[in-house]
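Everything on this sheet refers to the single structure shown next.
Where a number appears in this text, it was derived from the coordinates with a stated rule and is not lab data. Just so it is clear, the structure is predicted and the values come from calculations on it, not from any experiment. Counting neighbours? That spans all protein chains shown, and the Cβs are built from the backbone with ideal geometry, glycine included.
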Amino acid sequence: MIGLRPERQADWWEVEALFDLCFAPGREALSSYRLRDGIAPLAALSRVARDEQDILAGAIRFWPVRVSGRAALLLGPVAVHPTHQGEGLGGALIRDALAAAGEAGWDRVLLVGDAPYYGRFGFARLDGVEMPPPTNPDRVLGHALRPGAWDGLRGRVMRWDSGRT
Ligand SMILES: CC(C)(COP(=O)(O)OP(=O)(O)OC[C@H]1O[C@@H](n2cnc3c(N)ncnc32)[C@H](O)[C@@H]1OP(=O)(O)O)[C@@H](O)C(=O)NCCC(=O)NCCS
């Protein structure tokens with residue numbers, strides 16, 4: 001039996017180790033991390049999944065960003081320990097966190113990832129929304145938590161502390 005709960009400060013390094021295990025070495029060199037450097041993830045939306053022995057099985061974090069001055073959520077990293085992949089845990093983490101994001105008043109979410117996986121959660125390619133290079137534009141995906149929240153929104157994805165335009 002696996003339970004989901006918000007990530008706490010004490011989870012931080014264990015979650016980092018899980019991400020190191022699940023992603024290729026040097027994950028922090030990815031351009032998306034330049035949007036995260038020095039900015040805290042949104043604690044209210046980040047989740048950990050632990051089994052009955054309290055062993056970490058999965059985690060998801062979100063960062064705030066801006067697109068054309070408008071607030072958006074950057075989903076990720078999300079990872080499930082290899083011993084638990086394919087059990088629906090990734091989907092449970094994503095759905096739970098997206099529901100919390102909608103309840104918290106966020107309008108839109110984006111990520112860099114595989115469309116065949118994220119399509120099932122309502123993510124689709126975002127035309128004209130540019131992640132810091134080098135990022136394959138086909139992997140920049142968005143999901144509207146409010147109808148039309150991505151309509152007409154274009155431009156570079158900027159750090160949260162870049163200010164409003
Ligand atoms: C991606 C990840 C979070 C999915 O978690 P999970 O708990 O295994 O996923 P679920 O059990 O909810 O869903 C499994 C389904 O997703 C599919 N899937 C998983 N990763 C996929 C991918 N990259 N592309 C397409 N489909 C994918 C599986 O084939 C499976 O399909 P099925 O339902 O038709 O059998 C997990 O595999 C993982 O941690 N991978 C390594 C880190 C990573 O790549 N994170 C995402 C970065 S974009």
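Just a few scattered comments:
- Exposure proxy ranking, count of Cβ atoms within 10 Å, fewest first, for Trp160, Trp150: Trp160, Trp150
- You can think of it this way: the chain between Asp54 and Ile39 has 2.6 nm of extra reach, that is 0.36 nm per residue less the Cα-Cα gap.
- Of interest is the spacing of the C-alpha centroids, which for region 1-59 and region 77-111 amounts to 12 Å.
- Protection proxy ranking of 1-9, 68-76, 123-131 - average other beta-carbon atoms within 10 Å, highest first: 68-76, 123-131, 1-9
- Nearest-ten-degree value, helix 89-103 long axis tilted from longest Cα axis of the chain: 50 degrees
- Amide hydrogen neighbours beyond the local backbone of Leu145, cut-off 5 Å, H modeled: Arg108, Val109
- Given in Å, the Rg to one decimal and the Dmax to the nearest whole number for the Cα atoms of the chain are 15.2, 48.
- Taking Cα atoms only, the orientation of helix 12-22 departs from the longest principal axis of the chain by about 80 degrees.
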